[in-house]
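Below is one structure, written out as structure tokens; comments come after it.
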Amino acid sequence: MKMKLTLLIVMLCGGVMAQTSTVSYPISTEDIVNPERGFYSYSETLSSNPTPLNSQDLIDKRLNFYTSSGANYSVRSSLVFRYIVLDNFKNSAISSSFLNSLEQDFNTARVAGVKLIPRFAYTISVDNTNCSNTICPPYGDASKAIVLSHIAQLKPLLQAHGDVIACVQMGLVGIWGENYYTDYFGDASVQGYLSPTDWDNRSEVLGALLDAVPQNRMVQVRYPQIKQKYIYGNTASTDPAVSLPLTLGQAHDGSDIARLGFHNDCFLASNNDLGTYLNYDQNAAGSLLEQTQLRNYMAADADYTPVGGETCAENTETVGDDDCASTGGRADSDMDFFAYSYLNSAYNNPAVNNDWTGVCMDEIKNRLGYRLLISQAVYQNTVNPGEKFSVSMDIKNEGYGAMYNARLTELVLVNASTGQKYYGDLQADPRDWLSG
């Protein structure tokens with residue numbers, strides 16, 4: 001489904017001497033709640049104990065400012081992150097009753113006028129810390145066979161409700177669905193790397209999920225190397241000159257490379273965002289060069305795909321690195337670099353997000369995703385029936401990113417006297433209106 005982006009012009013009656021009129025528009029600083037962008041509201045449901053979405057709560061958070069736990073700032077949300085935890089189906093099929101519960105959630109989101117970011121996982125809790133590492137196996141995720149069978153069960157549901165899905169996060173592998181601490185897909189925290197077989201198994205899951213998600217919706221992966229390995233094979237380089245990022249010519253063509261974006265669940269937490277920009281290959285150098293290569297690959301790719309996530313901890317490697325750029329950090333500058341569309345409003349506020357308040361928070365709230373403005377327009381004053389009507393507009397995207405789902409654009413002419421409307425398809429793709 002393509003939604004419409006409407007540009008509205010009011011036609012005034014009466015004679016005008018000049019051939020054209022130039023109109024300049026003031027720039028708004030309003031915090032605008034546009035679709036598929038901004039701070040999201042967090043939610044979760046467990047298959048063992050489902051917690052359905054509440055339409056009135058979602059409507060309230062879309063229309064009214066609210067403050068998440070621990071936050072010193074308020075937001076409104078058109079996006080809802082939805083953890084779907086299949087905790088009691090690790091060895092069996094998903095029950096029809098829980099599938100019905102998920103169907104209800106999608107319908108609730110539609111009534112509330114919000115979009116969902118679903119992520120499926122098998123556990124989101126750490127049950128074992130009795131080892132030398134912070135988190136210890138077994139972790140509690142599911143085997144590849146179970147994961148693939150569950151994706152097949154979820155496919156009809158995802159296909160039927162693509163209109164209320166902003167994007168889908170890969171999930172499914174490991175604690176939190178973050179593709180790291182896992183019992184079945186190669187545990188980099190223990191063995192120190194991921195083998196070619198580990199990459200192949202993960203790519204098989206990702207391929208099945210891409211097939212299950214509607215063709216016009218994208219899937220986000222946890223770190224850029226996952227996309228490189230899926231697109232270019234299990235020996236893919238981290239070098240963006242070799243493992244090429246998505247190009248404008250490929251963007252939005254429905255191919256796999258065009259449908260994979262990124263979510264960073266430890267944004268700003270360390271110099272490599274707690275492993276987001278590490279090379280997980282065996283005998284990998286793990287150098288600063290590779291970290292830079294992965295950052296550059298993701299940034300180049302992100303112009304045409306959804307990027308989002310959450311902060312998770314204060315950066316103690318480089319103190320102040322998680323602050324605003326004006327005070328020596330990289331919070332807003334990295335959001336700009338990676339074309340961020342959304343962030344979690346509920347985490348991690350005391351350690352990171354709250355430090356942006358009064359410094360760059362207003363800019364972040366306004367610039368997450370797209371923010372379109374018409375700075376100036378030139379209108380033809382009069383036109384006779386059957387003749388062409390000319391209008392010229394300077395449209396700028398001041399957001400960090402661009403729209404990532406398809407939308408139509410139309411020009412609406414409104415007769416100021418009668419209210420009658422005339423519609424014109426501009427045949428423009430606003431996804432191409434990149435930041436800046």
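The values are calculated or read from the model by the stated rules, or taken from the named source; none is laboratory data. Because the structure is a prediction, the values reported are computed rather than measured. As a convention, Cβ positions derive from the backbone with ideal geometry for all residues, glycine included, and neighbour counts pool all protein chains shown. We work out accessible area using only protein heavy atoms, side chains counted, and drop any ligands, DNA or RNA first. Shrake-Rupley method; radii C 1.70, N 1.55, O 1.52, S 1.80 Å.
Key figures
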read-out	value
Test: Asn296 is under 24 Å from Leu368 (Cβ atoms), of a type outside the set (Asp, Glu) and touching a residue at least 40 places away in the same chain (Cβ under 8 Å)	yes
Residue within the stretch 372-393 that is over 27 Å from His252 (Cβ atoms) and among the basic types (Lys, Arg) present	yes
Residue ID - surrounded by the most Cβ atoms within 10 Å (Cβ to Cβ), chosen from residues in the stretch 48-62 that are over 30 Å from Ser92 (Cβ atoms) and under 21 Å from the mean Cα position of the chain (by Cα)	Lys61
Residues located in the stretch 335-357, provided they are touching a Phe, Trp or Tyr at 6+ places or on another chain (Cβ under 9 Å) and open to solvent by 10 Å² or more (accessible area, probe 1.4 Å)	Asp336, Phe337, Ala346, Tyr347, Asn354, Thr357
Criterion: among the aliphatic types (A, V, I, L, M), under 21 Å from Glu310 (Cα atoms) and assigned to a loop (DSSP other than H, G, I, E, B) - qualifying residue of Ala351, Ala428	Ala351
Members of the stretch 294-325 found to be in a loop (DSSP other than H, G, I, E, B) and small (Gly, Ala, Ser), listed by number	Ala313, Gly320
Residue among Val85, Val75 that alone is at pLDDT 95 or above, open to solvent by less than 40 Å² (accessible area, probe 1.4 Å) and farther than 25 Å from Asn34 by Cα	Val85
Within the stretch 401-425, tally of residues that are part of a loop (DSSP other than H, G, I, E, B) and open to solvent by 30 Å² or more (accessible area, probe 1.4 Å)	5
Breaking point among (1) closer than 19 Å to Ala258 by Cα; (2) open to solvent by less than 30 Å² (accessible area, probe 1.4 Å), for His161	(1)
Pick from the stretch 380-405, criterion within 30 Å of Gly261 (Cα to Cα) and of a type in the set (D, E, K, R), ranking: farthest from the chain's Cα centre (by Cα)	Asp394
Selection from the stretch 130-148 of residues that are outside any loop (DSSP other than H, G, I, E, B) and more than 26 Å from the chain's Cα centre (by Cα)	Ala145, Ile146
Output for the stretch 282-325, where each listed residue is more than 21 Å from Arg367 (Cα to Cα), of a type in the set (Asp, Glu) and open to solvent by less than 40 Å² (accessible area, probe 1.4 Å)	Glu290
Within the stretch 383-436, considering residues that are of a type in the set (Gly, Ala, Ser) and at pLDDT below 90, the one farthest from Tyr342 (Cα to Cα)	Gly386
Helices (runs of 4 or more DSSP H) (entirely within the stretch 171-252) containing at least 1 residues that are in contact with an Asp or Glu (Cβ under 8 Å, 6 or more places away or on another chain)	196-212, 224-232
Answer from Ala351, Ala339 - the residue that is on the phi > 0 side of the Ramachandran plot and of a type outside the set (Phe, Trp, Tyr)	Ala339
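The rows are residues; the columns are (1) surrounded by fewer than 21 Cβ atoms within 10 Å (Cβ to Cβ); (2) free of Cβ contacts under 8 Å to residues at least 60 places away in the same chain; (3) farther than 26 Å from Thr311 by Cβ; (4) more than 17 Å from the chain's Cα centre (by Cα).
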site	(1), (2), (3), (4)
Arg222	no, yes, no, no
Ala236	yes, yes, yes, yes
Leu244	yes, yes, yes, yes
Leu260	no, yes, no, no
Cys266	no, yes, no, no
Tyr280	no, no, no, yes
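Listed here are the residues, each with its yes/no results for (1) touching a strand residue (DSSP E or B) at 6+ places or on another chain (Cβ under 6 Å); (2) assigned to a strand (DSSP E or B); (3) in contact (Cβ under 8 Å) with a residue 40 or more places away in the chain.
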| position | (1), (2), (3) |
| --- | --- |
| Ser43 | yes, yes, yes |
| Thr51 | yes, no, no |
| Asn72 | no, no, yes |
| Val80 | yes, yes, yes |
| Phe89 | no, no, yes |
